[in-house]
Amino acid sequence: MRTIIYLGEQKNFSGVRLGIHLAQVLGTRGTEAVLVGKKSVLPDYTPFETAEVAAAATVKSFTNVLKKTKAEKVISFVGLPICEAAVGFKIPFIYVEPENFKEDKPVKNKKAFLQKAARVVVLGESSKKLNTRVYSANAVRVASPAIWVEHYNYDKPSCFKRENNIVAFGDCTRDGGFDVLLQTWARLSPAHTSWHLTIVGNGPQKSALKKFIQKHKLESATELLGAETDIYSLLRNADIYVSPSRAAQDISIILDAMASKLPVLATDVPGVDSLITNGVNGVIVNAGEEEPLTIALDELMVDWGKRVGFAVRAWEMKDRYPFEAFTAFFEEK
C-alpha cells in the first residue's frame, strides 16, 4: 500500500523522528512509504521517496501531492491540511499529535474533523482516561516510543578503539546550552586526546559556536553538524551522549540514546528525571553551570566501568518504550 507519511513540524513538536522510523519499520512489512514535508526536514539519508511542500502548504497543494504520489493512505504528524486533502481524495488517514498539543496557529473545526480519522494516535503517558470527546471515538493513547540502534562494539572497553566519541544534539541557542558544553570541552579536550565531540543542531548561535571552536583550537577534536544529520548513525558509534540544555526541551533523543545503550549526561531540565535516575542509569547535573558538567563528563570519560554500568541500565528503556507497540496502531487490520 502506498502510504504518505507527513513529517509535520511545529514549535513544540516535530514528527521527523517518529515518522522516518515508522516508515522504516512499515517498509519491512510491505508498506511503500513516501515521506512528505518541508525541504528543511526531509532526510537525504533514507531510501524512501520524498515529496517537498512549502511551509505554508494549502489543502490544494497537498491534494496535488496525493495525486502525484498515487497515495492510498495518509499518516500525518501534527498536520491537518494533508488530512483534509485525504478526505477530499477519499483515502483513509491517521493523525498523530502529543497529548494536550497546541498548534502554532489554531485550527478551526479540529474536533469535528478528527471524527473523520481512521484513527487518532495521541502521544502521552497519563494514567487518566483519554478524553475521546476531544480527539475522536477512534483515539488511542500510546507512549512516545524509543528509537534505538545497535552500538557497534559496546562490549569492548573504549581503550581498544582508535577514537572515543561524545555526541550532543539540540538547538544552537542560549537555551540549548552548547556554549557551556564547549567551555567544558575546552578544559577537558587537551587532557583527553583520544576523544572527539560532535554537536548536532541549528540556530542563531551556530556561528558563535564555530568561532569559539576556532579560538580555542578545538577543530581537530570537535565537529559541528547541521540538524539534518542522521543522529542515529552518530549514536551507533558514540560512547557518551550529552544534553547540556538550559531549558525544557524535547527529551525524546535522550530516551533514544539510553535505549541505544549509551551513558547519558543531562541537565536537570523538566522531564529528564522521568528517564534518568541520577547515578543509576545516567547522570544529571545543574543546568547552565560549567563546573558540574565538567566534573561529570571528565569522570565518564575516565571511568569505562561507570559508563558501561550506566549503559546497561539505560538499555532497559528499549523494552520500557517499545516501538512495536507504537507501530501496531498504523498497520492494516
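Values in this text are rule-based calculations from the coordinates and carry no lab data. Bear in mind that the values here come from a model prediction, so they are computed numbers and not experimental data. All Cβ positions, even for glycine, are placed from backbone atoms using ideal geometry, and neighbour counts span all protein chains on display.
Points worth noting:
- Computed label-point distance, nm, for sites Thr277 and Ala328 using a 7 Å Cα→Cβ extension: 2.6
- Tilt relative to the chain, helix 178-188 - C-alpha long axis, 0 to 90 degrees, to 10: 30
- Computed magnitude of the charge dipole of the range 199-325 (debye, nearest 20; Cβ of K, R +1, Cβ of D, E -1): 280
- Per-pair calculated FRET efficiency, R0 = 45 Å: Ile295 and Lys105 via Cβ, rounded to 0.05: 0.50
- Placed amide H near Ile75: partners under 5 Å, 5+ positions off or other chain: Ile4, Ile5, Tyr6, Ile94
- If the segment from Asp268 to Lys128 were pulled out straight at 0.36 nm per residue, it would be longer than the present Cα-Cα gap by 47.8 nm.
- Going from the fewest other Cβ atoms within 10 Å to the most, the residues Asp230, Asp256 appear in the order Asp230, Asp256.
- Helix-derived mean residue ellipticity, 222 nm - over the chain, DSSP H n ≥ 4, -39500 (n - 2.57), to 500: -8500 deg cm²/dmol
- Along the chain, longest interval not containing exposed chymotrypsin sites (Phe, Trp or Tyr not before Pro), exposed being DSSP loop plus at most 13 other Cβ atoms within 10 Å: 153-333
- Here the mean projected area of the convex hull built on the C-alpha positions of the range 158-318 is 8.2 nm².
- Taking log10 I(q)/I(0) by the Debye sum over Cα atoms at q = 0.10, 0.14 Å⁻¹ as calculated from this structure, the corresponding entry among [x] -0.75, -1.18; [y] -0.62, -1.11; [z] -0.65, -1.22 is [y].
- Between Pro244, Val134, Ser194, the Cα set farthest toward the positive side of the dipole of the range 128-245 (charges on each charged residue's Cβ, about the Cα centre) is that of Val134.
- In terms of other Cβ atoms within 10 Å, Lys68, Lys73 run from fewest to most in the order Lys68, Lys73.
- FRET efficiency estimate (nearest 0.05) - Cβ-Cβ, Lys60 to Val312, R0 35 angstrom: 0.10
- Between the Cα long axis of helix 16-27 and the first principal axis of the chain there is an angle of about 70°, rounded to the nearest 10.
- Sorted by Cβ neighbour density within 10 Å, fewest at the top, the residues Leu182, Leu234: Leu234, Leu182
- Among the trypsin sites (Lys or Arg not before Pro) within the range 20-61, those in coil by DSSP and having at most 14 neighbouring Cβ atoms inside 10 Å are Arg29, Lys39.
- Taking Cα centre as origin and charging only the Cβ of basic (Lys, Arg, +1) and acidic (Asp, Glu, -1) residues, the dipole magnitude of the chain rounds to 1320 debye.
- Positive dipole terminus of the chain, leading residue within Val272, Gly79, Thr222 (C-beta point charges): Gly79
- 3J(HN,Hα) along the range 207-213: 5, 5, 5, 4, 5, 4, 4 Hz, from the Karplus curve 6.51 cos²θ - 1.76 cosθ + 1.60 with θ = phi - 60°, whole Hz, x for Gly and Pro.
- Averaging Cα coordinates gives a centre for the range 37-79 and one for the range 127-148; these two points are 24 Å apart.
- Here the calculated FRET efficiency for Ala143 and Lys217, from their Cβ-Cβ distance with R0 = 35 Å, stands at 0.20, rounded to the nearest 0.05.
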